[in-house]
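Input: a single structure, listed below in structure tokens.
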Amino acid sequence: MAVRTTPSKARVSLDRSIERMRKQLAEFAPFLGKGKQTRSLEEFDLETERLIEDLLGQASNLLHAYEYAELGEAAGLVNMTDEAPEGTGMDSQRQSLLQRGRVLESCVSELEARRSAEPMKAKIAQTLIGPQIAEHMSTEVRSVSHDASLRKAGQLMQQWKLGSLLVTNSQSYVGVITDSVLAREVVANGLDPATTAVKTCMRTPVVAIEGARPIIDAVRIMKEQATRHLAVTQDGQIIGVISVSNILRYYSGVA
């Protein structure tokens, strides 16, 4: 007796899910000034969270990303000091709205990718969703010696307008020093920045992510590791750095 399969039912379900998410994205347009609003933003957010949870699951990174977008600040990504996009020229409310829209677009893209990948599930272990990290990282890899003073590290961050530096020894990258850690350690512990070496305050090991991974994976790792900066690798070599600022620029639609 032949075994009956139902691939068409799964396809119909995904088609319906995509249709629902596209409708939600269309209903978001009035909040960006493209039409008349028929409900409050709070009501729309609550409905959107329920929809994402229903279609993509309660553990979906995109559900978390939408919640972060509602906050409209880096503190929503990780429980650390706020780090807003630099030079955006937009108020925080506008940024938050644009971030919501980008997350909804990513939800549609993920559902479409699932539909496309469905016939190849047995062959594909994992599907990359959305833009790759390497497309939005900072390609300049700036570093400081582990023996350098904290003052030197602070001067380099100011010179290069960065929030973090990779720390090197004579052979490789051994850690990361950030502006927030620098300030916290110096002020809270009364360290002398002129005589205290970077290695006493750096974070080890370097938290890294492959450049080919989607941006949403960087959001997840930043939250799990409580960090605002990740080294980006390719074939085991560091090729750049992605920060909360880079991610918020993407979700705000700022180049």
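The values are calculated or read from the model by the stated rules, or taken from the named source; none is laboratory data. Small disclaimer: the values here were computed from a predicted structure and weren't measured. Accessible surface areas use protein heavy atoms only, side chains included; no ligands, DNA or RNA. Shrake-Rupley method; radii C 1.70, N 1.55, O 1.52, S 1.80 Å.
In sequence order, region 224-239 has phi-based couplings of 5, 8, 6, 9, 9, 9, 10, 6, 10, 10, 9, 6, x, 10, 6, 10 Hz under the Karplus curve 6.51 cos²θ - 1.76 cosθ + 1.60, θ = phi - 60°, and Gly or Pro positions carry x. Leu248 exposes around 10 Å² of accessible area when a 1.4 Å probe is run over every protein chain in place.
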